[in-house]
1. Round to the nearest 0.05 the FRET efficiency obtained for ASP200 and ASP80 when R0 = 41 Å and r is the Cβ-Cβ distance.
2. Sequence gap of 8 or more, or different chains, plus Cα separation below 13 Å: how many lysine pairs satisfy both in the range 99-207?
3. Determine, from the Cβ-Cβ distance of LYS247 and LYS53 and an R0 of 22 Å, the FRET efficiency 1/(1 + (r/R0)^6), rounded to the nearest 0.05.
4. With the other protein chains left in place, how much accessible area per residue, in square angstrom, belongs to the range 1-57 at a 1.4 angstrom probe?
5. Please work out the ratio of the alpha-carbon Rg of the range 28-96 to 2.2 N^0.38 Å and round it to two decimals.
6. State log₁₀ I(q)/I(0) for the range 1-129 at q = 0.11, 0.16, 0.18, 0.19 Å⁻¹ as given by the Debye formula over alpha-carbon point scatterers of equal weight, solvent excluded.
7. Diagonalise the Cα gyration tensor of the range 131-255 and give the resulting equivalent ellipsoid semi-axes, square root of 5 times each eigenvalue, largest first, whole Å.
8. Which order do the peptides 8-14, 186-192 take when ranked by the mean count of other beta-carbon atoms within 10 Å per residue, highest first?
Amino acid sequence: MKKLLENYKDVIQKLPFKDKYEKNDLLTEDFLIDKSDNIEIYYAPHNEYLNSKAKIFIIGITPGFQQMSTAISTAKKELDKGEDIETIKYKCKVAGRFSGSLRKNIISMLDEIKLNEAMNVKSCIELFEEKDYLLHTVSLIPYPVFVKKQNYSGHTPKLLKSDFLMKYIYEDFIQELKSIEDFKHILLIPLGKAVEEVLDKLSEENIISENQILKGFPHPSGANVNRLVQLEQNKESLINQIRDKIKKEIIFQDK
């Protein structure tokens, strides 16, 4: 059963308010959801708001600690103000979705492959701001995952070979995807190879269509020092894929 802000609001309110938390503040038993060997999964509140009318999914592996910290800080502030739970979930999504340099990298890379032109916006920054009704950001695993207290990258262990982690994809991610209106007509943008491999598996299982997947988009993390080289190598293919998918009405343009 998915963990919700309602289950953690008391724990969050007991925290001292900080704009940025440290790992020893949050990677505690109070927030621990599940563990297996050296893999630990913790709660964060920014994957609970669902944009059911989205045209684009940007898909990561798991929220990193920075996103976890931002989302919990936002939840703490809004709970203390007495804001209602559903509004807080949306505010946590807005604040936490690929926050920091990761979001900037995603936007610049999407503009580089002309997604902004295909969606009739000046820049993909609008998808995170005034036109965020077109966008849903999501993680294959909805909660932050850590291996030996470090952000999980999808490779150690390999995601597809970890039954422990894959169960969250089948129990949470797929259900969230199917909650979207006409989910087989949205563009799926996987951030990096590990996510793309999972989407390929889901297409083989006829859960999604292969035509929905934008293939070859590099992981935008600053830790991926080759991302710009990879983007340049795949740029023409990515531009053509976006044009073809929209032309074939895999997604529908905002008029």
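The values are calculated or read from the model by the stated rules, or taken from the named source; none is laboratory data. All values derive from a computational prediction rather than experimental measurement. Counting neighbours? That spans all protein chains shown, and the Cβs are built from the backbone with ideal geometry, glycine included. For accessibility, only protein heavy atoms count, side chains too; no ligands or nucleic acids. Shrake-Rupley method; radii C 1.70, N 1.55, O 1.52, S 1.80 Å.
1. Plugging the Cβ-Cβ distance into 1/(1 + (r/R0)^6) gives 0.40.
2. Total qualifying Lys-Lys pairs in the range 99-207 comes to 5.
3. 0.55
4. For the range 1-57, the per-residue accessible area is 57 Å².
5. Normalised Cα radius of gyration, the range 28-96: 1.21.
6. Taking Cα atoms of the range 1-129 as identical point scatterers yields -0.43, -0.85, -1.01, -1.09.
7. Values: eigenvalues 116, 78, 35 Å².
Semi-axes from the Cα gyration tensor: 24, 20, 13 Å.
8. The most tightly packed comes first, giving 186-192, 8-14.
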